[in-house]
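Inspection log for the structure reproduced underneath, given as structure tokens.
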Amino acid sequence: MSLTSRLIDRLAKLPPPLTRDVHVERDVVVPMRDGVALRADVHTPRGRTLAAGALPTVLVRTPYGRRGFAELTAATPLAQRGFRVVVQAVRGTDRSGGALDPFGQEGADGVDTVRWIEHQPWFDGRLATYGASYYGFTQWALAREAGASLKAMCLQVTASQFRDQTYAGESYSLDATLSWTQLMSALVANHGLFTLQVLGAGRRREVFKKLPLASLDRELTGTTVDFWQAWLAHDARDAAYWTETRDFQRDVASITAPVQIVTGWFDIFLPWTLQDHAALVAAGRTPRLYIGPFAHADMGVMAAGLREGIDWLRAHLLDDRSGTREAPVRVCVMTHGTSGREREFAAWPAPGTRERRFHLHPQGMLAEAPPPMSVPDRFRYDPADPTPSVGGVLLGQDAGAKDNRALEARADVCTYTSAPLERDLEVVGPVRAEVFFSSSTPWTDVFVRLCDVQPSGRSLNVCDGLLRLTPGRAPQVEGGVLRVPIDMWPTAYRFPRGHRLRVQVSSGAHPRFARNLGAGEPLASGTTMVVAEQQIHHDPAHPSALMLPVLEG
């Protein structure tokens with residue numbers, strides 16, 4: 001453990017530890033209000049440099065096991081820097097009692113855990129929460145009722161509600177949800193992560209091709225997974241399944257504990273993370289936001305979360321602000337598809353930007369000038385051969401910036417490319433598109449992606465977004481043409497001089513988004529496939545365009 005923790009310290013560039021001597025009390029029983037007992041490990045640092053008995057407490061709640069990743073990347077490094085760390089397995093996982101009901105139990109169980117901590121003889125009145133993804137959701141779930149003991153929150157790649165990520169663009173996030181279903185099924189059944197890592201990805205690739213979606217849990221795990229079935233069944237935004245116990249967005253504005261947010265430009269939760277940030281700011285809070293060049297599962301998120309988190313915890317639990325940056329917003333401006341310079345801003349979205357509109361033109365051109373009279377571009381979308389997802393916002397190792405040239409060569413992807421840039425173009429903030437679109441079926445998708453085309457011809461994805469169309473979802477203009485608004489993932493990206501902007505328009509990115517079958521059947525049970533004849537309009541009456549927030553000066 002010592003060698004591994006030293007390696008993590010070096011890779012994450014952490015400040016020196018106060019001690020390497022950490023005592024761990026295993027399998028501590030934490031009672032819940034309904035009689036169920038959850039299990040926790042309590043990590044207590046020891047050493048002459050630490051004040052006897054006066055240790056602030058950090059709570060980490062996880063469905064992925066108390067040892068392994070949670071211990072190596074949270075409990076040990078935090079404890080070595082002077083914090084008592086309680087790592088608790090959420091209900092139904094790692095010997096905690098009850099059954100796992102993802103996201104539905106974390107409010108009550110989290111608050112009960114806080115009350116238990118407050119009654120421990122070692123608790124000194126200072127509590128913080130820490131963690132990424134599901135760990136982060138558990139923080140939002142308990143925050144409103146935690147009370148005065150909660151002094152700080154450290155959140156990474158997460159959001160206060162999971163419904164909108166599950167139904168991104170009102171489609172269905174197939175890759176993320178099925179990958180997570182496979183992971184949790186393996187953990188709950190104690191099948192081991194090594195087998196999952198070796199065989200899981202290949203098996204998923206085969207299962208992604210199958211229909212109906214309601215059968216995929218059995219195809220992948222050999223059994224019916226209740227939460228998979230529930231996610232498919234409750235697709236409405238206002239479904240009680242999501243709103244009653246799984247949505248804490250309404251509580252964000254009432255949280256007074258100082259909040260730090262670390263996320264990434266390719267994270268699956270980014271738009272909703274920024275909604276939470278905006279709610280805090282609107283309520284008069286001063287959260288700290290850092291956005292790096294990360295996807296959800298990047299080790300860079302772990303490293304940045306630890307670095308930023310240790311500084312935040314020291315500032316708000318130990319009154320040591322020596323490592324705290326003054327700027328409330330810091331972002332990495334990517335270039336060449338990877339990390340670049342960091343910029344600090346007084347707010348998000350970044351002040352000092354001007355929205356510039358880049359129009360789709362005939363013959364695959366992209367320009368700021370309005371489009372001329374032209375006929376629409378046409379393509380055929382066949383759900384039996386769905387347009388694939390390449391890089392971008394995915395849960396696994398295929399995420400991030402990838403070469404899109406093979407994707408762009410497909411007949412079901414239309415591209416629009418600018419002239420080489422005469423000067424650097426720095427885009428920082430929310431990106432959106434407006435596409436005038438018509439289809440032979442009222443049930444279809446519109447996917448838009450921005451790429452950076454290098455002088456070599458390599459086309460790297462920067463950001464994208466999708467909207468699932470159903471009758472009435474997009475406003476209709478004359479002739480049955482739909483004006484489709486698409487909120488794309490925000491970004492911070494510098495396009496160097498000589499590079500070109502490229503916009504892709506297609507009708508899917510499978511399996512990131514479940515393919516639209518085109519028949520309007522229910523999501524869970526649909527199997528009928530309808531080929532869609534699609535048209536992209538770009539003329540004075542239908543000025544399809546990409547809107548970019550360009551940093552001036």
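The values are calculated or read from the model by the stated rules, or taken from the named source; none is laboratory data. Bear in mind that the values here come from a model prediction, so they are computed numbers and not experimental data. A quick note on method: Cβ atoms are made from the backbone with ideal geometry, for glycine too, and the neighbour counts reach across all protein chains shown.
In table form, for the structure just shown:
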| read-out | value |
| --- | --- |
| Within the range 451-480, considering residues that are over 11 Å from Ala401 (Cβ atoms), in a strand (DSSP E or B) and modelled with pLDDT of 95 or more, the one farthest from the chain's Cα centre (by Cα) | Val453 |
| Criterion violated by Glu344 - all others in (1) acidic (Asp, Glu); (2) over 28 Å from the mean Cα position of the chain (by Cα); (3) not assigned by TED's automatic domain parsing to the domain that holds Thr528 satisfied | (2) |
| Residues within the range 8-33 that are in contact (Cβ under 8 Å) with a residue 60 or more places away in the chain and either in a helix (DSSP H, G or I) or closer than 26 Å to Gly107 by Cα (or both), tallied | 9 |
| Breaking point among (1) surrounded by fewer than 24 Cβ atoms within 10 Å (Cβ to Cβ); (2) touching a residue at least 40 places away in the same chain (Cβ under 8 Å), for Cys154 | (1) |
| Answer residue from the range 490-549, given it is surrounded by fewer than 21 Cβ atoms within 10 Å (Cβ to Cβ) and among the polar types (S, T, N, Q) and is farthest from Ser439 (Cα to Cα) among those | Ser525 |
| Filtered residue count, the range 77-132, keeping only those that are assigned to a loop (DSSP other than H, G, I, E, B) and either among the acidic types (Asp, Glu) or over 30 Å from Asp319 (Cα atoms) (or both) | 17 |
| Residue match in the range 226-242 (condition: closer than 29 Å to Gly68 by Cα and either among the β-branched types (Val, Ile, Thr) or at pLDDT below 95 (or both)) | no |
| Flag for Phe137 being in contact with a strand residue (DSSP E or B) (Cβ under 9 Å, 6 or more places away or on another chain) and either within 19 Å of Phe248 (Cα to Cα) or without any contact (Cβ under 8 Å) to a residue 60 or more places away in the chain (or both) | yes |
| Any chance Ser254 is in contact with a Lys or Arg (Cβ under 6 Å, 6 or more places away or on another chain), among the polar types (S, T, N, Q) and exposed (fewer than 14 other Cβ atoms within 10 Å of the Cβ) | yes |
| Helices (runs of 4 or more DSSP H) contained in the range 238-352 and holding at least 2 residues closer than 23 Å to Ser149 by Cα | 270-282, 299-317 |
| Tally of residues being buried (at least 20 other Cβ atoms within 10 Å of the Cβ), in contact (Cβ under 8 Å) with a residue 60 or more places away in the chain, touching a Leu at 6+ places or on another chain (Cβ under 9 Å) and not small (Gly, Ala, Ser) across the range 308-344 | 5 |
